[in-house]
Amino acid sequence: MRFAQSSLGATRSCPHCRTTILQSSTTCPACRHVLRISAAKVPSKPLASMEPLRLEATVRQPEGGGGCEYCLTVVVTSDRGEELTRQVISVGSLRPAEARTFAVVVEAFSAEAVQGRPLLEEPAAGLAGS
Ligand SMILES: [Zn+2]
């Protein structure tokens, strides 16, 4: 079975936080707001997803240390080595004995599941703003 590839990876802006999200998302992964969808088209099953990657690490400063600064940057690179996205997610500092846990999660949605997804009522805000 073939699927139209044109809608795969289509994006829109979250109406709540303006983060660029997948058109097929029913919940914003950034602000976690549930996005309005057409009631007549709500699927009976939730969108099947895979979590092909989850990295989690804790940076802890020793009790007697001098603290540190941190910068969490996420880089997405294509299989040809092209940098597709580079984003600084958070910067901050840690005092002695403080810790921060950093988690990076990549969710993937099969083309089959995305094609069966209902359309959002609100049109993509694409070129508006920022
Ligand atoms: Zn949002």
If you check every pair at least six apart or on different chains, which have Cβ atoms under 9 Å apart with a residue in the range 1-15 that is assigned by TED's automatic domain parsing to the domain that holds Thr26 and over 21 Å from Cys31 (Cβ atoms) first and a residue that is acidic (Asp, Glu) and modelled with pLDDT of 60 or more second? Met1/Glu112; Phe3/Glu112
So, in the range 55-95, of the ones that are surrounded by 10 or more Cβ atoms within 10 Å (Cβ to Cβ) and of a type in the set (Lys, Arg), which residue ends up nearest to Val105 (Cα to Cα)? Arg86
Scanning the range 79-112 for residues that are without any contact (Cβ under 8 Å) to a residue 24 or more places away in the chain and of a type in the set (Lys, Arg), which turns out nearest to Leu55 (Cα to Cα)? Arg86
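Residue check: is Ala30 closer than 25 Å to Val114 by Cα, of a type in the set (Gly, Ala, Ser) and either within 16 Å of the ligand (Cβ to nearest atom) or at pLDDT 95 or above (or both)? Reasoning before the result, please.
On the way: closer than 25 Å to Val114 by Cα: yes; of a type in the set (Gly, Ala, Ser): yes; either within 16 Å of the ligand (Cβ to nearest atom) or at pLDDT 95 or above (or both): yes.
Answer is yes for this residue.
The values are calculated or read from the model by the stated rules, or taken from the named source; none is laboratory data. Everything numeric in this text was worked out from a predicted model, so none of it was measured. Neighbour counts run over all protein chains shown; Cβ positions are idealised from the backbone, glycine included.
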